[in-house]
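Engineer: Mind having a look at this structure? Questions to follow.
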Amino acid sequence: MSNITFTMIKPDAVANGHTGNVINDFIVGGFKLKAMKYLHLSKEQAEAFYGIHRERPFFNDLVSFMISGPIVAAVLEKENAVADFRTLIGATNPADAAEGTIRAKYAKSIDANAVHGSDSNENAAGEASFFFSSFEMY
Ligand code: IDP
Ligand code: MG
């Protein structure tokens, strides 16, 4: 599964009406949709998903934000998916994100930053299976 990455369109981008444009950017960027669903995370699910950030000062704010509205979760496929997707979305802080990247176009702040992207092949596989069974990936 080294050619996959996992993404979420975060509550800010969904609420601001950017879902369609963001999905289009994924596809124009060369990514194939392997799985996708629209859902509203529970507090327990968000805490579990972001467990690696539990000790960071912004953890509680991050969880509150991620449960503030529905999200789109997706698994994307492309050669070199993890690194190429991080390039497509841009830096964590949209103020630092390169022009034309998804975060530069649609994110407002470092916390409400429009999209999630996996940071390694190992985390991509774990994050994909957190949301999707093997029967839901095509
Ligand atoms: P990433 O999403 O670019 O991989 P991470 O460092 O993994 O960035 O942080 C996870 C998420 O936590 C970010 O996407 C952002 O929503 C939030 N976050 C990161 N750093 C801060 C911060 O300094 N203040 C508030 N929220 C933050
Ligand atoms: Mg990260």
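Engineer: Let me make sure I get this right: for the range 1-57, a, b and c are the square roots of the gyration tensor eigenvalues over alpha carbons, sorted descending. Under 1.5 in a/c it's rounded, otherwise prolate if a/b > b/c, else oblate. Which is it? Kindly include the intermediate steps, with their values, before the conclusion.
Structural biologist: On the way: a/c = 2.17, a/b = 1.41, b/c = 1.53.
Here the range 1-57 falls in the oblate category.
Engineer: Using 0.36 nm times the number of residues separating SER109 and ASN16, minus their current alpha carbon distance, what extension gain do you get? Numbers along the way, then the final one.
Structural biologist: Numbers: separation 93, 0.36 × 93 = 33.48 nm, distance 1.35 nm.
Result: 32.1 nm gained on full extension.
Engineer: May I ask you to evaluate 6.51 cos²θ - 1.76 cosθ + 1.60, the Karplus curve with θ = phi - 60°, for each residue of the range 111-116 and list the ³J(HN,Hα) values in order in whole Hz, giving x for glycine and proline?
Structural biologist: 8, 8, 10, 6, 8, 9
Engineer: Starting from the amide H of VAL115, placed 1.01 Å from N in the peptide plane, find each other amide H under 5 Å away whose residue is 5 or more places distant or on another chain.
Structural biologist: Those qualifying (amide H under 5 Å, at least 5 residues apart or on another chain) are LYS10.
Engineer: A further question follows. What are the ³J(HN,Hα) values, in whole Hz, obtained from phi via the Karplus relation 6.51 cos²θ - 1.76 cosθ + 1.60 with θ = phi - 60°, for each residue of the range 79-85 in sequence order, with x given for Gly and Pro?
Structural biologist: Along the range 79-85, the couplings run 4, 6, 4, 4, 5, 5, 6 Hz.
Engineer: Output wanted: per-residue J couplings in Hz (rounded whole) for the range 52-69, from phi through Karplus 6.51 cos²θ - 1.76 cosθ + 1.60, θ = phi - 60°, x for Gly and Pro.
Structural biologist: 5, 9, 3, 8, 7, x, 8, 4, 5, 5, 4, 5, 4, 5, 5, 9, 6, x
Engineer: Moving on to the next point. For a test of the definition: using alpha carbon positions, the gyration tensor, and the 1.5 limit on a/c, classify the range 40-138 as rounded, prolate or oblate.
Structural biologist: oblate
Engineer: If Lys and Arg each add +1 and Asp and Glu each add -1, what is the summed charge of the other residues whose beta carbon sits under 11 Å from the beta carbon of ARG86? Could you put the intermediate results ahead of the total?
Structural biologist: Details: positive: ARG103; negative: ASP84, ASP119.
After counting each charged neighbour, the total is -1.
Engineer: Would you calculate a helix-derived [θ] at 222 nm for the chain, using -39,500 (n - 2.57) for each DSSP H run of n ≥ 4 and dividing by the full residue count, to the nearest 500? Write down the numbers at each step before the final one.
Structural biologist: Details: 7 runs with 55 residues, N = 138.
Using -39500 (n - 2.57) per qualifying helix, the result is -10500 deg cm²/dmol.
Engineer: At 0.36 nm per residue, minus the direct Cα-Cα distance, what do ALA98 and PHE59 gain on full extension? Give it in nm, one decimal, please. Could you put the intermediate results ahead of the total?
Structural biologist: Values: separation 39, 0.36 × 39 = 14.04 nm, distance 2.55 nm.
Once the chain is fully extended between ALA98 and PHE59, it gains 11.5 nm.
Engineer: So for the chain, if I pair up every lysine 8 or more residues apart or on another chain, how many of those pairs have alpha-carbons under 15 Å apart? Show your work: numbers first, answer last.
Structural biologist: Values: LYS10/LYS37; LYS10/LYS43; LYS10/LYS105; LYS10/LYS108; LYS32/LYS78; LYS34/LYS78.
For the chain, the number of qualifying lysine pairs is 6.
Engineer: What ranking do 82-88, 40-46, 56-62 get when scored by the average of other Cβ atoms within 10 Å per residue, highest first?
Structural biologist: Details: 82-88: 18.4, 40-46: 14.3, 56-62: 12.1.
Ranking the peptides 82-88, 40-46, 56-62 by packing returns 82-88, 40-46, 56-62.
Engineer: While we're looking at this one, here's another question. Distance from the Cα centre of the range 107-135 to that of the range 1-55, in angstrom?
Structural biologist: First find each Cα centre; the distance between them is then 6 Å.
Every number in this text was worked out from the coordinates using simple rules, so none of it is lab data. In this text the structure is predicted, and so the values were computed from the model without any measurement. All Cβ positions, even for glycine, are placed from backbone atoms using ideal geometry, and neighbour counts span all protein chains on display.
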